[in-house]
Each structure stands twice: as C-alpha cells, then as structure tokens.
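A.B. asks: Starting off with a structure, shown below.
The values are calculated or read from the model by the stated rules, or taken from the named source; none is laboratory data. Not measured: the values here are computed from a predicted model. Neighbour counts are summed over all protein chains in view; Cβ atoms, including those assigned to glycine, are modelled from backbone coordinates with ideal geometry.
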Amino acid sequence: MQAPTPDQRLAPRHNQIAIRLHCQSGGGWQRLEAQQWTPGGFCFFHAQPFAEAVLTFKRSLQHFEGAIVWSRVCHDQAQVLEMLLNESLHSHLSHHTVTQDTRQRLLRLMRVQGMADAKLQVLAALGDTCAPDQWQRRVQERMQTALFQSGVRVTSPVWDAVVAEAQSLGDVVQDLERWSGSLGGG
C-alpha cells in the first residue's frame, strides 16, 4: 500500500452542523459557514473570489489564520436552495418577535445541512407564502451569479477549540435525530 501524501484527506469530514465564522477581506468582515470541517481545516462558499492566500477568520472574539489551498466555481442547486432557506429563516428572526426558545430552535435548524424540506415546512408555519415554483425561480436567479467554494487548511489552537465545541454539538444533533427516528419521527 502506498503511503498517503500530505494533501490527502485522512480525517473524517463533518457536516452535521455548519460552523459560523467571519472572514476578513477587503478591509471588512464577511460572514461565512465552515462546512465539511475537520481539525485540519474546512470548506466554505462565497460570492467573490479572494485575492489573499492566507485569510484571518474569527469565531466570537477569537481570531485564527487559514491558508486557502483550493478554490472552484460551484453551481449546486440543493446548496443554493439551503442558502436561500437559511436567509429566509434569518430574515424572519430579524423582522419578527419570537420567543427565545423559538429563536434558538430556528438558529439550530439553520445550522443543520440537508434539511430543506423541514426548513420549507417551518417557513410555511411561520407564514411564508412562497410556492415551490417561486423557490425554484429564486434558486435559478441566484445561480446566475457565480458561487465559489474554497478549502482552507488551518493549524491553530483556536480552530481546535471551535472544532471540539462543534463536535460536541454535532453529537447532540445526531443523537436527537437517532432518538426521533426510534420513536417513528421523520
């Protein structure tokens, strides 16, 4: 068997929750979600390509640096739909008064990937009147602009702590999904 090269991914990638970060570029901070994360780095989507090879990221008040090791243009309709649904949920939270419990539940739902149907149901329950064909039109409109995906390599104790926290939260999400499934839930 051939020995792995340093660029091969050996650590399992996690996607059970997205990690919200900010990235410094162009003199300001941009919000992003780290996906497919490991202790060694993560991937994220963004609307504009970055000129910098090394970026400063932050989580809360903690800063760390990461090197962009690859970038590509991406047009994945499912991910664009999830992004639009998360934006709609976020907009609802910004424009409506909800209980703290509801706010926390919506924030947790926004962090979980692959739950477009559940997000659509929640938005409908919150009064969103967008029909499926309207969502599809919004996806097509958003897909007209380029969406980039980049991979970041990180070596930082700050990132290590963020990953440890996300893994413990992700384990709770997975336990709840298994528990819900064992009770006959969706």
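A.B. asks: Could you check, for the range 40-57, whether at least one of its residues is polar (S, T, N, Q), over 29 Å from residue 154 (Cα atoms) and out of contact with any Cys (no Cβ under 9 Å at 6 or more places or on another chain)? Reasoning before the result, please.
C.D. replies: Within the range 40-57, the first condition is being polar (S, T, N, Q), and the residues that meet it are 48, 56.
Still in the running and over 29 Å from residue 154 (Cα atoms): none.
Looking for residues that are polar (S, T, N, Q), over 29 Å from residue 154 (Cα atoms) and out of contact with any Cys (no Cβ under 9 Å at 6 or more places or on another chain), one finds none in the range 40-57, hence no.
A.B. asks: Can you name the residue in the range 23-60 that is among the charged types (D, E, K, R) and buried (at least 16 other Cβ atoms within 10 Å of the Cβ) and, of all such residues, is farthest from residue 113 (Cα to Cα)? Write out each step before concluding.
C.D. replies: Of all residues in the range 23-60, those among the charged types (D, E, K, R) come to 31, 33, 52, 58-59.
Imposing the further condition that a residue be buried (at least 16 other Cβ atoms within 10 Å of the Cβ) reduces the set to 33, 59.
Working: 33: 11, 59: 20 Å.
Out of the qualifying residues, it is 59.
A.B. asks: Here's something else I'd like to know. Considering each of 139, 152 in turn, give the residue that is closer than 26 Å to residue 50 by Cα, in contact with a helix residue (DSSP H, G or I) (Cβ under 7 Å, 6 or more places away or on another chain), touching a residue at least 12 places away in the same chain (Cβ under 8 Å) and not in a loop (DSSP other than H, G, I, E, B).
C.D. replies: Details: 152 fails: in contact with a helix residue (DSSP H, G or I) (Cβ under 7 Å, 6 or more places away or on another chain).
From the options 139, 152, the qualifying one is 139.
A.B. asks: What are the residues in the range 116-131 that are modelled with pLDDT under 85 and out of contact with any Ser or Thr (no Cβ under 9 Å at 6 or more places or on another chain), if any?
C.D. replies: 129
A.B. asks: For residue 64, state whether it is modelled with pLDDT of 90 or more, aromatic (Phe, Trp, Tyr) and part of a strand (DSSP E or B).
C.D. replies: Values: modelled with pLDDT of 90 or more: yes; aromatic (Phe, Trp, Tyr): yes; part of a strand (DSSP E or B): yes.
Here the answer is yes, as residue 64 does meet what is asked.
A.B. asks: Now, a different point. Do you know which residues across the range 93-102 are part of a helix (DSSP H, G or I) and either over 18 Å from the mean Cα position of the chain (by Cα) or surrounded by 18 or more Cβ atoms within 10 Å (Cβ to Cβ) (or both)? Write out each step before concluding.
C.D. replies: Step one: filter the range 93-102 for residues part of a helix (DSSP H, G or I), giving 93-95, 100-102.
Hits for the range 93-102 are 94, 95, 100, 101, 102.
A.B. asks: Hey, among 136, 174, 113, which residue is over 18 Å from residue 20 (Cβ atoms) and either at pLDDT 85 or above or surrounded by 15 or more Cβ atoms within 10 Å (Cβ to Cβ) (or both)? Break it down stepwise before answering.
C.D. replies: Values: 174 fails: either at pLDDT 85 or above or surrounded by 15 or more Cβ atoms within 10 Å (Cβ to Cβ) (or both); 113 fails: over 18 Å from residue 20 (Cβ atoms).
That would be 136, the only listed residue that is over 18 Å from residue 20 (Cβ atoms) and either at pLDDT 85 or above or surrounded by 15 or more Cβ atoms within 10 Å (Cβ to Cβ) (or both).
Condition check ((1) within 14 Å of the chain's Cα centre (by Cα); (2) of a type outside the set (Phe, Trp, Tyr); (3) part of a helix (DSSP H, G or I)) across all residues:
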residue: 73; (1), (2), (3): no, yes, no
residue: 78; (1), (2), (3): yes, yes, yes
residue: 127; (1), (2), (3): no, yes, no
residue: 133; (1), (2), (3): no, yes, yes
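A.B. asks: Here is a follow-up. In the range 1-29, what count of residues is obtained for those that are among the polar types (S, T, N, Q) and at pLDDT 90 or above?
C.D. replies: Residues meeting the conditions: 1.
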